[in-house]
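Here's the structure we're looking at; comments come further down.
The values are calculated or read from the model by the stated rules, or taken from the named source; none is laboratory data. Owing to the predicted nature of the structure, the values given are computational and were not obtained by experimental measurement. Virtual Cβ from ideal backbone geometry, glycine too; neighbours counted across all protein chains shown. We work out accessible area using only protein heavy atoms, side chains counted, and drop any ligands, DNA or RNA first. Shrake-Rupley method; radii C 1.70, N 1.55, O 1.52, S 1.80 Å.
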Amino acid sequence: RPGLSLRPVQGVRPSAGEIRRARRRLHLKAVAIAGLVVASYWIVVLSSAPVPVRLGAALALVLGLVAVGTCIMHDANHGSFSGHRWLNRLLAY
């Protein structure tokens, strides 16, 4: 099409406020994932819940651990979880 440019837009960067809000969402997501992992682990290992509940908790534990790798560690690997490089490296491991 005439007049259509496929060049990337230069100089479009998020503001400091947008970065803070995005990191806040990342941190809340990480807290929710950690809560899921801890609660499901507690149900599977330490509780005396019936077997069907423990099997459901085992499934939740697997999903939580996958979420740790695909969300928390992935964000830290890209340096977006924190402004501190050491914290990103720690969470990436």
* **With Cα atoms, 0 to 90° folded angle of helix 51-67 axis to the chain main axis** => 20
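Sort 80-93, 29-42 by packing, meaning the average of other beta carbons within 10 Å per residue, with the highest value first.
Numbers: 80-93: 13.4, 29-42: 15.2.
With the highest mean Cβ count within 10 Å placed first, the list reads 29-42, 80-93.
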* Structure fact -> The percentage of the accessible area of the chain (probe 1.4 Å, all protein chains present) made up of carbon and sulfur atoms, to the nearest whole number, is 67
* Asked: Measuring from a point 7 Å past the Cα of residue 39 along Cα-to-C-beta, which residues in region 45-68 have an amide N at less than 18 Å?
  -> 45-50, 52-68
* Structure fact -> Over the chain, the sum of -39500 (n - 2.57) across DSSP H runs of at least four, divided by residue number and rounded to 500 deg cm²/dmol, gives at 222 nm -20500 deg cm²/dmol
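Accessible area per residue of the chain at 1.4 Å probe, in Å²? Intermediate values should be presented prior to the final figure.
Working: 7320 Å² over 93 residues.
With all protein chains present, the chain gives 79 Å² per residue.
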* Whole-number percent relative contact order across the chain, with pairs defined as alpha carbons under 8 Å at least 6 apart -> 24
* Mind checking the angle between helix 16-45 and the chain's longest principal axis? C-alpha axes, 0 to 90 degrees, to the nearest 10. -> 20
